[in-house]
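The block underneath contains the structure these notes are about, expressed in structure tokens.
Throughout, read-outs are computed from the coordinates displayed, never taken from laboratory work. Remember, it's a predicted structure, so these values are computed and weren't measured experimentally. With ideal geometry, Cβ positions are generated from the backbone for all residues, glycine too; neighbour counts draw on all protein chains shown.
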Amino acid sequence: MKFLLVIAVLPAVLNALSVEELTARADITHKNCFESTNANMNTVAKIRSHDFSEDDSVVREQIFCYSQEVGYINSKGEMNQEFMRRRVSPLINFAENDNEKKFSECTRPRDSVVPVDLFITRLLKCLYSNFPSVMFL
């Protein structure tokens, strides 16, 4: 039985991307947003160091653009919570440590009075606060 489990899991393990590969792919997506956001790799470095300054419009716009590019949020500002959950489920065990509750609290729907770029910035700030080892951006 254990042998069958290993065979079933092996393709998923072989297809898993390394942190370096994930970062390289994320860099490409970030660079695609630079023209519309006036951001640069220094902005990306701030974001990756969890500097989610709500007063920095370039950071907010970069996070919003990246989130649209990868499918976290659509052009109307509607979050794709199920997609986000699928993307991070290999990295977060939702059955332990109130992780389900933490994820749900972070990814609750946007209040219509909150600008979309501020909403996604706060959402990712919350996720990084609760799951600091997971790479969302």
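Brief remarks on what is shown
- Restricting the range 56-93 to trypsin sites (Lys or Arg not before Pro) in coil, as DSSP defines it, with at most 14 other Cβ within 10 Å: 76
- Simple point charges give the picture: +1 on the Cβ of Lys and Arg, -1 on the Cβ of Asp and Glu, and for the range 57-137 a dipole about the Cα centre of about 20 debye.
- Cross-link partners of residue 31 among lysines, defined as those whose alpha carbon lies under 28 angstrom from its own and excluding same-chain residues fewer than eight positions apart: 46, 76, 125.
- Cα centre as origin, Lys/Arg/Asp/Glu Cβ charges: the chain dipole, Debye: 360 debye
- Taking the C-alpha atoms only, the angle from helix 57-70 to the longest principal axis of the chain is near 40 degrees.
- For the range 31-130, the square roots of the Cα gyration tensor eigenvalues, ordered a ≥ b ≥ c, give a/c of at least 1.5 with a/b greater than b/c, which places it in the prolate category.
- Only one residue of 137, 62, 121 has its Cα farthest out toward the positive end of the dipole of the chain, where Lys and Arg carry +1 and Asp and Glu -1 on Cβ, and that residue is 137.
- Its relative contact order, with pairs defined as Cα atoms under 8 Å and 6+ residues apart, puts the chain at 23 percent.
- Cβ-based net charge around residue 115, under 15 Å, with every Lys or Arg adding one and every Asp or Glu removing one: -2
- 0 to 90° range, to nearest 10: angle between helix 116-130 axis and the chain longest Cα axis: 40 degrees
- Other residues lying with their Cβ under 14 Å from the Cβ of residue 52 contribute a combined charge of -1, Lys and Arg counting +1, Asp and Glu -1.
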